[in-house]
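Colleague: Pasting in a structure now, in structure tokens, and then I'll have a few things to ask.
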Amino acid sequence: MIIMISHFSSALQYWLVNHPIIFQFSWTQGQTLGSSPLFLTLTVLSYLFLTFLLSHLPLPPIRPGLLKSITAVHNLVLLIFSLIMALGCSVSTLSYAPHLLWVICLPPKTPPNGPLFFWAYMFYLSKILEFVDTLLIIVSNSTRRLTFLHVYHHAAVVIMCYIWLQTSQSMFPLVLVTNASVHVLMYAYYLCSALGVRPRWKRLLTECQIAQFLSSFVVLGLMLYYHFTGSGCSGVWGWCFNTVFYSSLLALFLDFHAKNYANSKRE
Ligand SMILES: CC(C)(COP(=O)(O)OP(=O)(O)OC[C@H]1O[C@@H](n2cnc3c(N)ncnc32)[C@H](O)[C@@H]1OP(=O)(O)O)[C@@H](O)C(=O)NCCC(=O)NCCSC(=O)CC(=O)O
């Protein structure tokens, strides 16, 4: 049993941290795929433009069975990918963080190399894959769900991940693990919905999302404290973006909660 656990943990360590592609990863602006400011600008603008265009065009109907299957596969892929990213970033942090404070405050001029930044890069790419959520909402004619919250979140989160990589943003490992874990639940919820099962824990899921934004303010506060009381933390401009972004998401999610669950009893 002990030998099996030890084999499993070595395999995990290799595939999530020490594999050469992960270990030797380096984010280099203009060289790594998707790392140029032009790529970021075009990606976000194309997303906004196509969302506007497709939601105003009459689209050919898709067979409900086919749409259901595509939606289920998309959600399953993102569920598994989110789980791998949460695990990968946690194991990389446990393997490489020299001390606990390091996950909140990376030393200034930390180069965006190695396993932790590999997972930040995967997270960045996964946020582009999440654009398919919007396409699914549009093709299923569910305009009720094409909200400002949804489109704003999907566009801005890509910019946030780019800043993480470009500025070696302190505290990203904590935010990544929290968000990817919440997204495991979120895509499980959407997967069940697509398969025709409405989970009874929708409200709880929204509350987990709100809790993740609230907890990120604690981490943002700690980073600022260590930045000004120590020798500085990497990615202070990213701190400003994160603070504005999370404050706006918190306000939008509190509004969503008030509108969706005001009359429902807690389950
Ligand atoms: C419980 C929530 C996760 C989702 O609330 P909703 O009101 O959107 O959920 P709902 O009950 O209408 O969802 C079920 C419907 O979604 C369809 N559906 C299935 N898969 C989907 C997918 N990948 N993207 C979008 N919709 C999808 C189902 O087929 C079903 O359609 P039908 O009804 O036709 O059968 C909530 O907490 C939430 O996040 N609300 C904000 C809306 C949003 O866009 N969230 C995701 C991005 S924000 C985010 O991700 C924040 C974060 O980082 O945590």
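The values are calculated or read from the model by the stated rules, or taken from the named source; none is laboratory data. Small disclaimer: the values here were computed from a predicted structure and weren't measured. Glycine also receives a Cβ, built like all others from the backbone with ideal geometry; neighbour counts cover every protein chain displayed. All accessible areas refer to the heavy atoms of the entire protein, side chains included, with ligands and DNA or RNA removed. Shrake-Rupley method; radii C 1.70, N 1.55, O 1.52, S 1.80 Å.
Colleague: Any chance segment 239-246 includes a residue that's in a helix (DSSP H, G or I), of a type in the set (Val, Ile, Thr) and within 11 Å of the ligand (Cβ to nearest atom)?
Modeller: No, the conditions are met nowhere in segment 239-246.
Colleague: Scan (1) free of Cβ contacts under 8 Å to residues at least 24 places away in the same chain; (2) closer than 18 Å to residue 129 by Cα for the single condition residue 165 breaks and write down its number.
Modeller: (1)
Colleague: Another question, then. Evaluate the following for residue 162: is it of a type in the set (Phe, Trp, Tyr), within 12 Å of the ligand (Cβ to nearest atom) and either open to solvent by 50 Å² or more (accessible area, probe 1.4 Å) or in contact with a helix residue (DSSP H, G or I) (Cβ under 8 Å, 6 or more places away or on another chain) (or both)?
Modeller: no
Colleague: Right, something else. Can you name every residue in segment 6-25 that is open to solvent by 100 Å² or more (accessible area, probe 1.4 Å) and over 17 Å from residue 84 (Cβ atoms)?
Modeller: Scanning segment 6-25 gives 7, 24.
Colleague: Condition first: away from the ligand (no atom under 12 Å from the Cβ), assigned to a helix (DSSP H, G or I), open to solvent by 70 Å² or more (accessible area, probe 1.4 Å) and of a type outside the set (Val, Ile, Thr). Now tell me which residues in segment 62-85 satisfy that.
Modeller: Matches in segment 62-85: 66, 83.
Colleague: Taking the stated definitions as given, is residue 253 within 13 Å of residue 175 (Cβ to Cβ), at pLDDT 95 or above and within 16 Å of the ligand (Cβ to nearest atom)?
Modeller: Judged against the criteria, residue 253 is not a match.
Colleague: Follow-up. Just to be sure I understand the filter: pairs with C-beta atoms under 6 Å, separated by 6 or more residues or on different chains, first member in segment 168-192 and touching a residue at least 60 places away in the same chain (Cβ under 8 Å), second member part of a loop (DSSP other than H, G, I, E, B) and within 11 Å of the ligand (Cβ to nearest atom). Which pairs pass?
Modeller: none
Colleague: Still on this structure: With (1) at pLDDT below 95; (2) open to solvent by 20 Å² or more (accessible area, probe 1.4 Å) as the list, and residue 197 as the residue in question, which single condition is left unmet?
Modeller: Condition (1) is where residue 197 drops out.
Colleague: Something else about it: Here's a check for you: in segment 103-145, which residue that is open to solvent by 40 Å² or more (accessible area, probe 1.4 Å) and either without any contact (Cβ under 8 Å) to a residue 40 or more places away in the chain or among the polar types (S, T, N, Q) (or both) is farthest from the ligand (Cβ to nearest atom)?
Modeller: If we take residues in segment 103-145 being open to solvent by 40 Å² or more (accessible area, probe 1.4 Å) and either without any contact (Cβ under 8 Å) to a residue 40 or more places away in the chain or among the polar types (S, T, N, Q) (or both), then 113 is farthest from the ligand (Cβ to nearest atom).
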